[in-house]
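Visitor: I'd like to ask some things about the structure below.
The values are calculated or read from the model by the stated rules, or taken from the named source; none is laboratory data. Predicted model, so just to flag it, every value in this text is computed and none were measured. Counting neighbours? That spans all protein chains shown, and the Cβs are built from the backbone with ideal geometry, glycine included. Areas reflect the complete protein model, heavy atoms only, side chains present, ligands, DNA and RNA absent. Shrake-Rupley method; radii C 1.70, N 1.55, O 1.52, S 1.80 Å.
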Amino acid sequence: MTRLLLPVALVATLALSACGTESAGSGAGSTASTTTGNANPTGGTGSPSTSATTNPLPPLRAALATVLDAPGKGPQLCLGGVLTSLPPQCGGPVIDNWDWAKAPKHDSANGVRWGQYAVIGTYDAATSTFHLTKPVTTIEDYTGPRPRDPLTGQGPTTPCPAPVGGWKVLDPDKTTQEAEDATLAAAAALSTYAGAWLDQSINPADPAKEPEKMNDPAKLILNVKVIEAAAAAERTLRATWGGMLCVSEGGHTEAELLAIQEELSTNTIPGLLGSGVDTQLSVVELQVIDDLDGRLQAGMDKKYGPGVVSVTSALLPYAD
């Protein structure tokens, strides 16, 4: 079952015991870099000699996000979620050279100012500070790289091939909401359980126009993933489910993924914004402020195995 990452402000209210539960932490990001000037000492009365040591300039980063300025906190770049209260609530790296007079139109309420902008600059992970290097623009006017839409090309799918004659309900009496709930509970009790989700792509209803016709047990494929012995698991689940069913193998148990997520939530992950478990893909998802150099991802691959933990960065790479 796929869940979206939650913002830091919301995660504290959630438990870690359910499928797709989110957790978040705080801390500086993972790509701190500093720049030192050139030293050109002159030795005595002789000819000048030059000795220069230059560290690479911090890489440029971009973000399309809310900037919020609350009393006592300064302008912050909200890279996690935003609570839609009035005024909104969010947090993130402080922007050390922000000037509201140079920013496009913004809103204000109760002493808080905010707006949605495209910002370009450098990020100092050690101090969790963002420094603007280019004028702020609106998101609509921004022409640089944009984040990938997390919903593009995704969504619940069914890995099993269609049965001969196509997908059909086998027993209408066991294709009810109560039967679905009982079957999901039976699946979760399997020692090999890796996850479950509903594929409603075969439902002819338009979810935007006819949302009440979605979630019809007779017009969905119940997907259950186990790490092994799919045939045995299917026989168990058919005791309660007469609708369309796909039992597939692979990945890790949901319990293993949740244990990894919980372990990561107790560690200090640099710049952690949120986490989640996607049982369909069998991964633990981590969103951080900046891991564009791949160091955190490499560490996760080494510890948990390639691809078990997927790290994404909220900041985007930017090149002039």
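Visitor: Only residues that are crowded, with 17+ Cβ neighbours inside 10 Å and modelled with pLDDT of 95 or more: list them for region 97-111, please.
Guide: Of region 97-111, the ones crowded, with 17+ Cβ neighbours inside 10 Å are 98, 103.
The answer is Trp98, and nothing else.
Visitor: Sticking with this structure for a sec: Could you check region 177-219 and list, in sequence order, the residues that are small (Gly, Ala, Ser) and in contact with a Pro (Cβ under 9 Å, 6 or more places away or on another chain)?
Guide: Initially, region 177-219 is screened for residues small (Gly, Ala, Ser), giving 179, 182, 185-189, 191, 194-196, 201, 205, 208, 218.
Scanning region 177-219 gives Ala179, Ser201, Ala205, Ala218.
Visitor: Related question: List pairs: first residue in region 178-204 and touching a residue at least 40 places away in the same chain (Cβ under 8 Å) and on the phi > 0 side of the Ramachandran plot, second residue β-branched (Val, Ile, Thr) and open to solvent by less than 50 Å² (accessible area, probe 1.4 Å) anywhere in the structure, Cβ distance under 6 angstrom, at least six positions apart or on different chains.
Guide: Gly195/Thr279
Visitor: Looking at region 179-213, which of its residues are more than 13 Å from Thr158 (Cα to Cα), more than 26 Å from the chain's Cα centre (by Cα) and of a type in the set (A, V, I, L, M)?
Guide: If the condition is that a residue be more than 13 Å from Thr158 (Cα to Cα), more than 26 Å from the chain's Cα centre (by Cα) and of a type in the set (A, V, I, L, M), then Ala179, Ala182, Ala185, Ala186, Ala187, Ala189, Leu190, Ala205 are the ones that fit.
Visitor: Next question. Checking Val82 against (1) modelled with pLDDT of 95 or more; (2) buried (at least 17 other Cβ atoms within 10 Å of the Cβ); (3) of a type in the set (A, V, I, L, M, F, W, C): exactly one of these is not met. Which one?
Guide: Tallying (1) modelled with pLDDT of 95 or more; (2) buried (at least 17 other Cβ atoms within 10 Å of the Cβ); (3) of a type in the set (A, V, I, L, M, F, W, C), Val82 fails exactly one: (1).
Visitor: Could you tell me how many of the residues in region 142-158 are modelled with pLDDT of 85 or more and either touching a helix residue (DSSP H, G or I) at 6+ places or on another chain (Cβ under 9 Å) or among the small types (Gly, Ala, Ser) (or both)?
Guide: Adding up the residues that qualify gives 1.
Visitor: While we're on this one: I'd like the residue in region 159-181 that is of a type in the set (A, V, I, L, M) and touching a helix residue (DSSP H, G or I) at 6+ places or on another chain (Cβ under 9 Å) and, out of all such residues, is nearest to Asp199 (Cα to Cα). Explain how you work it out, then say what you get.
Guide: Keep residues of region 159-181 that are of a type in the set (A, V, I, L, M), which gives 162, 164, 169-170, 179.
With touching a helix residue (DSSP H, G or I) at 6+ places or on another chain (Cβ under 9 Å) added as a condition, the list becomes 169, 179.
Values: Val169: 14, Ala179: 16 Å.
Ranking the candidates gives Val169 first.
Visitor: Right, another one. Can you tell me how many residues within region 254-280 are of a type in the set (S, T, N, Q) and in contact with a helix residue (DSSP H, G or I) (Cβ under 9 Å, 6 or more places away or on another chain)?
Guide: Of all residues in region 254-280, those of a type in the set (S, T, N, Q) come to 261, 265-268, 275, 279-280.
Right, trim to in contact with a helix residue (DSSP H, G or I) (Cβ under 9 Å, 6 or more places away or on another chain) and you get 265, 275, 279.
The total comes to 3.
Visitor: Going by the structure shown, is Thr158 within 29 Å of the chain's Cα centre (by Cα), assigned to a loop (DSSP other than H, G, I, E, B) and over 23 Å from Ala255 (Cβ atoms)?
Guide: Working: within 29 Å of the chain's Cα centre (by Cα): yes; assigned to a loop (DSSP other than H, G, I, E, B): yes; over 23 Å from Ala255 (Cβ atoms): yes.
Criteria met by Thr158.
Visitor: Identify the single condition in (1) more than 30 Å from Ala182 (Cα to Cα); (2) free of Cβ contacts under 8 Å to residues at least 40 places away in the same chain; (3) assigned to a strand (DSSP E or B) that Pro306 does not satisfy, given that it satisfies every other one.
Guide: Only one criterion is unmet by Pro306, namely (3).
Visitor: If I go through region 226-237 residue by residue, how many of them are under 16 Å from Leu198 (Cα atoms) and open to solvent by 20 Å² or more (accessible area, probe 1.4 Å)? Break it down stepwise before answering.
Guide: From region 226-237, those under 16 Å from Leu198 (Cα atoms) are 226, 234, 237; that's our starting set.
With the extra rule that they be open to solvent by 20 Å² or more (accessible area, probe 1.4 Å), the set shrinks to 234.
The qualifying residues number 1.
Visitor: State all residues of region 162-181 that are surrounded by 13 or more Cβ atoms within 10 Å (Cβ to Cβ) and farther than 8 Å from Trp241 by Cα; if no residue qualifies, say none. Steps first, please.
Guide: Going through region 162-181, the residues surrounded by 13 or more Cβ atoms within 10 Å (Cβ to Cβ) turn out to be 162, 167, 169-170, 174-176, 179-180.
Across region 162-181, the qualifying residues are Ala162, Trp167, Val169, Leu170, Thr176.
Visitor: Within region 44-66, how many residues turn out to be part of a strand (DSSP E or B) and either at pLDDT below 90 or in contact with a Cys (Cβ under 7 Å, 6 or more places away or on another chain) (or both)? Reasoning before the result, please.
Guide: Narrowing region 44-66 to residues part of a strand (DSSP E or B): 61-66.
From what's left, either at pLDDT below 90 or in contact with a Cys (Cβ under 7 Å, 6 or more places away or on another chain) (or both): 65-66.
Of the residues in region 44-66, 2 are part of a strand (DSSP E or B) and either at pLDDT below 90 or in contact with a Cys (Cβ under 7 Å, 6 or more places away or on another chain) (or both).
Visitor: Would you mention how many residues in region 82-118 are among the small types (Gly, Ala, Ser), in contact with a Leu (Cβ under 6 Å, 6 or more places away or on another chain) and assigned to a loop (DSSP other than H, G, I, E, B)?
Guide: Within region 82-118, the subset among the small types (Gly, Ala, Ser) is 85, 91-92, 101, 103, 108-109, 111, 115, 118.
With in contact with a Leu (Cβ under 6 Å, 6 or more places away or on another chain) added as a condition, the list becomes 92, 109, 118.
Cutting the leftovers down to assigned to a loop (DSSP other than H, G, I, E, B) gives us 92.
Residues flagged as among the small types (Gly, Ala, Ser), in contact with a Leu (Cβ under 6 Å, 6 or more places away or on another chain) and assigned to a loop (DSSP other than H, G, I, E, B) within region 82-118 amount to 1.
Visitor: Give the residue, chosen from Thr192, Thr137, Thr127, that is open to solvent by less than 70 Å² (accessible area, probe 1.4 Å), of a type outside the set (A, V, I, L, M) and over 27 Å from His252 (Cβ atoms).
Guide: Details: Thr192 fails: over 27 Å from His252 (Cβ atoms); Thr127 fails: open to solvent by less than 70 Å² (accessible area, probe 1.4 Å).
Only one candidate qualifies: Thr137.
Visitor: Could you please find all residues in region 238-257 being under 32 Å from the mean Cα position of the chain (by Cα) and either open to solvent by less than 20 Å² (accessible area, probe 1.4 Å) or hydroxyl-bearing (Ser, Thr, Tyr) (or both)?
Guide: Within region 238-257, the first condition is being under 32 Å from the mean Cα position of the chain (by Cα), and the residues that meet it are 244-257.
Selection gives Met244, Leu245, Cys246, Val247, Ser248, Thr253, Leu257.
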